[in-house]
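The values are calculated or read from the model by the stated rules, or taken from the named source; none is laboratory data. Computed from a prediction, not measured in an experiment: that's the story for all the values here. Here the Cβ positions follow ideal geometry from the backbone for every residue, glycine too, while neighbour counts run over all protein chains shown. The accessibility values were calculated without ligands, DNA or RNA, using every heavy atom of the protein model including side chains. Shrake-Rupley method; radii C 1.70, N 1.55, O 1.52, S 1.80 Å.
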Amino acid sequence: MGHLLEIRNLESYYGPIMAIRGISLTVEKGQIVTVLGANGAGKSTLLKTISGIMDPEKGQVIFDGEEIQGLEPHVIVKKGIVHVPEGREVFPLLTVNENLSLGAYTRNDKAGIARDREMVFEYFPILAERRNQEAGTLSGGQQQMLAIGRGLMLRPKIMLLDEPSLGLSPLLIQQIFGILERLNKDEGVTMVLVEQNARVALNLADAGYVMEVGRMVMNDTAENLAASEDIQSFYLGIQEDSQRSERRWKRRKTWR
Amino acid sequence: MEFLQLFVSGLANGSVYGLIALGFVLIYKATESVNFAQGDFMMFGAFIALWLTNTEYMGLPFWIAAPMAMAAMGLLGYLLDVTIIRRMFGQSQTAVVILTIALGFVIRFFAGVFWGHEPQTLQSPLAVGDVTIGGVVLGMADVTIIVVTALLTFSLFQFFKHTKLGLAMQAASQNQMAAYYMGIPVKRVQGFIWALSGVVAAVAGILFASKGAIDPNAGMLGIKAFAAAVIGGFGSLPGALVGGLIIGVIEPFAARYLPAGYSQMAPYVLLLLVLVFRPHGLFSQVRTKKV
């Protein structure tokens with residue numbers, strides 16, 4: 001009762017390949033939940049299935065008490081789920097301002113849109129500076145900020161973030177995650193954060209899930225995950241004081 | 001004097017090419033596929049207007065018939081997308097291209113059956129008389145075509161820049177996936193783009209048929225307009241228009257100053273040169289994506 005987002009036994013296919021194999025996950029209002037995993041674990045597929053870009057074969061996505069799996073993406077967006085895709089995906093030939101306007105495509109309250117545009121500019125001052133510049137001419141970090149800002153323009157109840165750290169310098173990653181934290185604290189934006197960069201993700205998140213080849217293999221609070229030996233050696237790259245036999249490639253994961 | 005007259009009549013022809021090229025680019029940007037029936041759309045739009053206007057058919061006033069023809073072509077474009085093109089979703093672009101070529105033949109055949117293969121002239125109030133500007137005698141039709149094209153281009157520009165639907169159309173053509181993420185109903189927007197290209201084709205057709213005679217094979221003009229779109233840099237709307245104007249202007253001058261026969265070649269020679277020296281066209285919008 002009362003989960004903002006609940007996923008039950010979800011299965012999705014890429015053609016004949018089963019990309020996610022029975023995943024369950026819950027997100028509470030105001031939480032940041034991170035989904036960790038290596039390349040090809042099915043993290044992006046999971047987000048795409050939630051936002052309706054892909055249809056699941058089985059299982060349910062329940063948002064605000066309502067089943068939404070298999071609906072058209074624009075219907076799902078209207079319910080308040082926004083997906084900030086991997087690799088930014090801004091509209092390159094449109095200006096920053098126009099990109100933000102498109103973020104509010106499903107809204108009609110002019111005053112509210114104008115207010116949120118100002119809010120985005122407050123969080124990302126560099127975007128305000130470049131508001132009339134074509135998005136394709138922005139740097140990678142600025143494009144990521146624009147993608148997040150564009151998502152905010154929807155006034156989402158939940159934000160699905162697909163690898164916001166991809167291709168950014170450590171300093172920029174810190175900056176962007178700092179902003180995500182403020183957005184969560186000050187604006188109360190609930191987030192599902194898919195990341196390969198486990199360290200920053202666990203730092204920010206309240207709870208975490210670990211995915212491997214289409215399955216959830218761990219689920220705990222972010223603190224416990226960050227403290228767990230498996231996560232430390234496989235995702236955080238921390239090596240125990242080098243007992244030769246304890247090297248990374250000799251260790252077996254506890255869930256195998 | 002002669003230079004100016006050639007230039008203006010070239011601009012008028014070029015406007016028609018440009019408008020057809022605009023249709024090519026609209027569809028290309030939205031669906032990443034080429035609608036080779038665009039020329040036939042133009043011809044069909046002209047025939048609908050002619051059928052509604054001319055006294056031997058319906059005999060409606062031109063100012064009622066023209067908007068009706070535009071609306072009809074818009075509807076045709078939209079329905080084509082909904083019933084046929086959308087089903088091709090996920091197929092290769094080549095499949096869509098072949099489909100539109102076939103579609104062109106069907107439209108041509110239809111026009112031939114309905115209206116015969118004899119060239120006919122639209123009884124248009126646009127084409128009457130001459131105007132004299134600064135001692136130069138210009139055909140009224142030429143001037144009207146240029147003015148209407150300029151107006152249409154201007155309003156299209158405003159539409160794309162300042163309306164929500166126009167922005168959504170641009171978004172859907174620049175990054176379809178991201179448009180989905182923004183909650184833009186991409187399929188419906190694409191349907192509107194087909195409708196819009198139908199309307200633009202109808203305008204081109206009405207202008208073309210005001211200037212000269214039209215027959216079911218007039219759609220072959222589409223090939224020249226295609227060259228115009230490529231010269232302008234496929235994917236750029238202003239480029240398409242400028243490409244059309246360039247081809248339009250080159251033709252009469254080639255006809256006047258080059259030996260007989262060469263004028264037919266001129267547009268394609270230009271196309272070749274552009275492809276060799278500026279493969280992305282004159283107004284390309286190619287930009288590499290940052291990772």
Report task. Quickly run through the stretch A:94-107 and pick out the residues that are aliphatic (A, V, I, L, M) and at the interface with another protein chain (Cβ under 7 Å from one of its Cβ atoms). Result -> A:Leu94, A:Leu102
Requested in this report: May I ask you to say which residue of B:Ala65, B:Ala95 is within 21 Å of the chain's Cα centre (by Cα) and of a type in the set (Gly, Ala, Ser)?
Outcome: B:Ala65
Query raised in the report: Going by the structure shown, is A:Phe91 at the interface with chain B (Cβ under 10 Å from one of its Cβ atoms) and more than 28 Å from A:Thr26 (Cβ to Cβ)?
Result: yes
Report summary line: Going through (1) more than 14 Å from every other protein chain (Cβ to nearest Cβ); (2) over 26 Å from B:Ile101 (Cβ atoms) one by one, B:Ala227 fails only at (2)
Query raised in the report: Which residues, counting only those in the stretch A:137-162, are open to solvent by 10 Å² or more (accessible area, probe 1.4 Å) and basic (Lys, Arg)?
Result: A:Arg155, A:Lys157
Report summary line: Of (1) away from chain B (no Cβ under 14 Å); (2) part of a helix (DSSP H, G or I); (3) over 20 Å from B:Ala178 (Cα atoms), A:Gly208 fails just (2)
Query raised in the report: Is it the case that B:Ala204 is open to solvent by less than 20 Å² (accessible area, probe 1.4 Å), more than 14 Å from every other protein chain (Cβ to nearest Cβ), in contact (Cβ under 8 Å) with a residue 40 or more places away in the chain and within 17 Å of the chain's Cα centre (by Cα)?
Result: yes
Query raised in the report: Are any of the residues in the stretch B:45-56 open to solvent by less than 30 Å² (accessible area, probe 1.4 Å), under 30 Å from B:Leu167 (Cα atoms) and either acidic (Asp, Glu) or in a helix (DSSP H, G or I) (or both)?
Result: yes
Report task. Count, please, the residues in the stretch B:211-222 that happen to be open to solvent by 10 Å² or more (accessible area, probe 1.4 Å) and either more than 11 Å from the chain's Cα centre (by Cα) or polar (S, T, N, Q) (or both). Result -> 7
Requested in this report: Identify, by number, the condition in (1) of a type in the set (A, V, I, L, M); (2) closer than 27 Å to A:Ala104 by Cβ; (3) assigned to a helix (DSSP H, G or I) that A:Leu166 doesn't meet.
Outcome: (3)
Report task. Would you check if there is a residue in the stretch B:29-40 being open to solvent by 10 Å² or more (accessible area, probe 1.4 Å), under 16 Å from B:Ala240 (Cβ atoms) and aromatic (Phe, Trp, Tyr)? Result -> yes
Query raised in the report: Filtering the stretch A:59-79 down to residues that are more than 10 Å from chain B (Cβ to nearest Cβ) and in contact (Cβ under 8 Å) with a residue 40 or more places away in the chain, which residue is farthest from A:Ser12 (Cα to Cα)?
Result: A:Asp64
**Report entry** The lone exception for A:Thr34 - which of (1) open to solvent by 30 Å² or more (accessible area, probe 1.4 Å); (2) more than 12 Å from chain B (Cβ to nearest Cβ); (3) of a type in the set (Val, Ile, Thr) it fails
**Finding:** (1)
Report summary line: For A:Ile176, the lone unmet condition from (1) under 15 Å from the mean Cα position of the chain (by Cα); (2) surrounded by 24 or more Cβ atoms within 10 Å (Cβ to Cβ); (3) away from chain B (no Cβ under 14 Å) is (2)
Requested in this report: Please go through the stretch B:170-188 and pick out each residue that is of a type in the set (A, V, I, L, M, F, W, C) and in contact with a Ser or Thr (Cβ under 9 Å, 6 or more places away or on another chain).
Outcome: B:Ala179, B:Met182, B:Ile184
Requested in this report: Using the structure shown, decide if A:Arg199 is in a loop (DSSP other than H, G, I, E, B) and of a type in the set (D, E, K, R).
Outcome: no
Query raised in the report: Filter the stretch A:108-133 for residues that are open to solvent by 30 Å² or more (accessible area, probe 1.4 Å) and part of a loop (DSSP other than H, G, I, E, B); which is nearest to the other protein chains (Cβ to nearest Cβ)?
Result: A:Asn108
Report task. Tell me which residues, restricted to the stretch B:227-280, are crowded, with 23+ Cβ neighbours inside 10 Å and at positive phi. Result -> B:Gly233
Requested in this report: Among residues belonging to the stretch B:1-44 that are among the acidic types (Asp, Glu) and assigned to a helix (DSSP H, G or I), point out the one that is modelled with the lowest pLDDT.
Outcome: B:Glu2
Query raised in the report: For the stretch A:66-97, how many residues meet the condition of being more than 15 Å from the chain's Cα centre (by Cα) and surrounded by fewer than 19 Cβ atoms within 10 Å (Cβ to Cβ)?
Result: 11
